[in-house]
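Shown next, in structure tokens, is the structure this report addresses.
The values are calculated or read from the model by the stated rules, or taken from the named source; none is laboratory data. In this text the structure is predicted, and so the values were computed from the model without any measurement. Here the Cβ positions follow ideal geometry from the backbone for every residue, glycine too, while neighbour counts run over all protein chains shown. The area values use the complete protein model at the heavy-atom level, side chains included, leaving out ligands, DNA and RNA. Shrake-Rupley method; radii C 1.70, N 1.55, O 1.52, S 1.80 Å.
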Amino acid sequence: MFYTCGPNEAMVVSGFGRSPPLMIAGGRVFVFPCIQQIQRITLNTLTLNVKSDKVYTRHGVPISVTGIAQVKIQGQNKEMLATACQMFMGKSEAEVAQIALETLEGHQRAIIAHLTVEEIYQDRKKFSEQVFKVASSDLVNMGIGVVSYTLKDVHDDQDYLHSLGKARTAQVQRDARIGEAQYKRDAVIREAHAMQEKVSAQYKNEIEMAKAQRDYELKKAAYDVEVNTKKAESEMAYQLQVAKTKQRIEEEKMQVQVVERAQQITLQEQEIIRKEKELEAKVKKPAEAEKYRLEKLAEAQRLQLIMEAEAEADLILICVSIVLFVLQMAEEISKPLSAAQKVTMVSSGGSEVGAAKLAGEVLDIMTRLPTAVEKLTGVNISQAAGSTTRVR
């Protein structure tokens, strides 16, 4: 026969040919009647209300704790399913839940005994994690897995938690007042900072606006300068072009004038050449001939004067030599007279006698001397003396 089960249930087939037994979680199986047996075990999640009443904490304060746990048999894990089948096969769901509840409650009491009221009350998450950890390690050996555990309630009959709550309330109120004061202070500080940031942002904005305005003015000024420069350059270029045009016109006029002047100069030069040729034919050549004649005549006169001067110089030298010669002769003539101790003058009767006679004789000799010199040398002493006087 075929048997089926849902996902929240497991079937265990044992008997002939099933050693070990076949376990199926959610599915179907064929079972031989009489020689095989089929059993079912629930896989539903069980919600457990775990209560621990008047359990003494580490400091001896009795408190009551209630926790909520969800547990179930793990059908997907074959080993845990086999363990659960061995322990809970044939038991009802309520019996399985009771076994798991008692296990969880025992672990919950053990953990409460090791903690203080403050630790349990103030750190519920830590307490829940410890219960979950310890209970899971124990229940897994039964094939049961703890899905979750949450601390639901903590209370006592001694108003310990109430007093702790008052102190906590007072502390919270104090902290609230302090927090409110700090909040107000921080709010004032934040407001001041915000105002400062606002003012700073406003100043920065104004500065940025001023910078933007300055940049705009600078760029506008630069653009104006550029535009004015371009205009000035354009005007200057126009004026320069006009000036260049005028200059070219003037240059062309000057070139025309230069050409005309060059033609005039050429004509004048040709006229000058013609007049020079005419002058040369009529005046220059005769003048040059006359000049040449005069130069040659002057050169002849100069040479004649030089020759005459040289002749006169030679004549002077000759005259001097003659004078020296005459003087020497006079000296020779006078030597006998100077050596004579006695001179006897003889008169012929009609002439002078004595010293006068002697002087006359000497003069007579001197008078005859030029004639004797001319006869001997051919030089007329009188003419030579006259010539010498003219040269001087």
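Tell me, what % of the accessible area of segment 44-157 is carbon and sulfur with a 1.4 angstrom probe?
Working: 2870 of 5830 Å².
Here carbon and sulfur together make up 49 percent of the probe-accessible area.
Probe radius 1.4 Å, ligands and nucleic acids ignored: give me the carbon and sulfur share of the accessible area of segment 1-43 as a rounded percent.
On the way: 1610 of 2640 Å².
Using a 1.4 Å probe with all protein chains present, segment 1-43 comes out at 61 percent carbon and sulfur.
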Per-residue SASA entry for residue 215, accessible area with 1.4 Å probe, Å² rounded to 10: 60 Å²
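How much length is gained on full extension from residue 249 to residue 37, taking 0.36 nm per residue of separation minus their Cα-Cα distance?
On the way: separation 212, 0.36 × 212 = 76.32 nm, distance 13.65 nm.
Value of the extension gain: 62.7 nm.
Kindly sort 127, 2 by accessible area of their heavy atoms, largest first, with the probe set to 1.4 Å. Write down the numbers at each step before the final one.
Values: 127 0, 2 140 Å².
Solvent-accessible surface, decreasing: 2, 127.
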Accessible-area value, residue 185, 1.4 Å probe, nucleic acids and ligands omitted, Å²: 130 Å²
Residue 228 paired with residue 79, simple spin-label distance in nm, labels 7 Å along Cα-to-beta-carbon: 9.8 nm
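Return one whole number: the accessible area per residue of segment 1-43 in Å², for a 1.4 Å probe.
Values: 2640 Å² over 43 residues.
In whole numbers, segment 1-43 has 61 Å² accessible per residue.
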